[in-house]
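Structure provided below as structure tokens; questions to follow.
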Amino acid sequence: MKRFLITSIILLTSCDISSQKAVDNPQPVNQIDNKNYDDMSRAYFASGCFWCVETIYESLDGVKEVYSGYAGGSTVNPNYYQVISGKTGHAEAIEIIYDKDLISYQTLLKVFFDSHDPTTPNRQGPDYGSQYRSIAFYTNDIERNKIINYINLLSTNSIFGKKIITEVKEINKFYYAEDYHQDFEKKNPNNPYVNNVSIPRFNRFKKKASNYVKIKDGH
């Protein structure tokens with residue numbers, strides 16, 4: 001659930017999930033035709049609310065598209081209400097489609113750690129639950145080694161001051177989230193969560209990233 005604090009009042013953006021069960025669904029909740037990006041590279045991360053993370057990565061020069069979805073669990077074709085129940089094992093995640101000639105995987109990895117707190121188990125900011133845990137997914141051994149080496153570097157230099165609890169996990173399947181989750185911040189600029197959580201998080205990231213990554217025009 002998206003939970004955030006505004007002037008000491010907790011507002012909730014959630015739905016009744018009491019009748020939802022974490023069971024496999026026969027069909028995907030969303031299918032996206034991205035064949036136009038067949039020649040592009042892909043990367044996968046989970047670091048809290050995918051509305052926030054999608055916006056951060058879409059701002060990067062060299063990133064062609066970002067999709068919100070679910071990964072890291074066992075339930076087949078999960079829907080949003082199943083995932084936020086915490087019973088599917090999935091986390092809110094994103095698929096990044098990028099041009100490796102313009103932006104490297106190492107930069108995407110650095111953005112991952114610079115845009116969230118990897119020391120908070122099952123929580124990111126005001127959002128809590130296993131669906132908001134920190135996961136760096138890899139698609140091959142090269143990515144896996146880069147993730148592990150970077151975590152070791154951050155830990156050795158005590159960058160976060162606490163133990164990094166980010167999971168390092170192979171991406172077996174990425175399930176695209178429902179259409180209304182895609183480009184949520186762009187489509188809902190007046191949403192309270194967007195204004196009080198997503199945008200401030202993005203602005204904090206921009207300050208960190210100003211010296212090493214180019215932000216696309218319009219961000």
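The values are calculated or read from the model by the stated rules, or taken from the named source; none is laboratory data. None of the values given here were measured: they were computed from a predicted structure. A quick note on method: Cβ atoms are made from the backbone with ideal geometry, for glycine too, and the neighbour counts reach across all protein chains shown.
With the structure loaded, tell me whether P200 is part of a helix (DSSP H, G or I) and out of contact with any strand residue (DSSP E or B) (no Cβ under 6 Å at 6 or more places or on another chain) or whether it fails that test.
Working: part of a helix (DSSP H, G or I): yes; out of contact with any strand residue (DSSP E or B) (no Cβ under 6 Å at 6 or more places or on another chain): yes.
In short, yes.
Looking only at residues that are in a loop (DSSP other than H, G, I, E, B) and aliphatic (A, V, I, L, M) in the range 165-197, which one is nearest to D141 (Cα to Cα)?
Just the residues of the range 165-197 that are in a loop (DSSP other than H, G, I, E, B), to begin with: 165-166, 171-174, 177-178, 182-183, 188-191.
The next check asks that each one be aliphatic (A, V, I, L, M); those that pass are 165, 171, 177.
On the way: I165: 20, I171: 12, A177: 27 Å.
Out of the qualifying residues, it is I171.
Under 7 Å between Cβ atoms, at least 6 apart or on separate chains: pull out the pairs that start in the range 26-43 with a residue that is loosely packed, with under 10 Cβ neighbours inside 10 Å and end on any residue that is at pLDDT below 95 and not aromatic (F, W, Y).
Partner pairs satisfying both residue conditions: none exist.
Can you find even one residue in the range 72-79 that is surrounded by 19 or more Cβ atoms within 10 Å (Cβ to Cβ), without any contact (Cβ under 8 Å) to a residue 24 or more places away in the chain and farther than 25 Å from D39 by Cα?
Yes - at least one qualifying residue is present in the range 72-79.
Quick one: how many residues across the range 133-164 are more than 18 Å from the chain's Cα centre (by Cα), in a helix (DSSP H, G or I) and among the hydrophobic types (A, V, I, L, M, F, W, C)? Walk me through it before giving the result.
From the range 133-164, those more than 18 Å from the chain's Cα centre (by Cα) are 140-142, 145-146, 148-150, 152-163; that's our starting set.
Those still in the list that are in a helix (DSSP H, G or I) too: 141-142, 145-146, 148-150, 152-156.
Subset that is among the hydrophobic types (A, V, I, L, M, F, W, C): 142, 148, 153-154.
The total comes to 4.
So that you can scan it fast, the table gives a plain yes or no per residue for (1) in contact with a Gly (Cβ under 6 Å, 6 or more places away or on another chain); (2) touching a residue at least 24 places away in the same chain (Cβ under 8 Å); (3) within 19 Å of A93 (Cβ to Cβ):
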residue: E167; (1), (2), (3): no, yes, yes
residue: Y175; (1), (2), (3): yes, yes, yes
residue: D179; (1), (2), (3): no, yes, yes
residue: F184; (1), (2), (3): no, yes, yes
residue: K187; (1), (2), (3): no, no, no
residue: N196; (1), (2), (3): no, yes, no
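Does K2 meet the test of being under 15 Å from the mean Cα position of the chain (by Cα), of a type outside the set (S, T, Y) and at pLDDT below 95?
yes
For the range 99-134, which positions are aromatic (F, W, Y) and either out of contact with any helix residue (DSSP H, G or I) (no Cβ under 7 Å at 6 or more places or on another chain) or over 13 Å from F45 (Cβ atoms) (or both)? Walk me through how you get there before you give the answer.
Going through the range 99-134, the residues aromatic (F, W, Y) turn out to be 105, 112-113, 128, 132.
Result: F112, Y128, Y132.
Moving on to the next point. Mind listing just one residue for me: the one in the range 94-135 that is more than 26 Å from S210 (Cβ to Cβ) and small (G, A, S) and, of those, surrounded by the most Cβ atoms within 10 Å (Cβ to Cβ)?
S130
Just the residues that are closer than 24 Å to Q131 by Cβ and touching a residue at least 60 places away in the same chain (Cβ under 8 Å), please, taken from the range 93-108. Even if it seems obvious, please write down each step before you answer.
Residues of the range 93-108 that are closer than 24 Å to Q131 by Cβ, as a first pass: 93-97, 108.
Listed by number, the residues that qualify are A93, E95, I97, L108.
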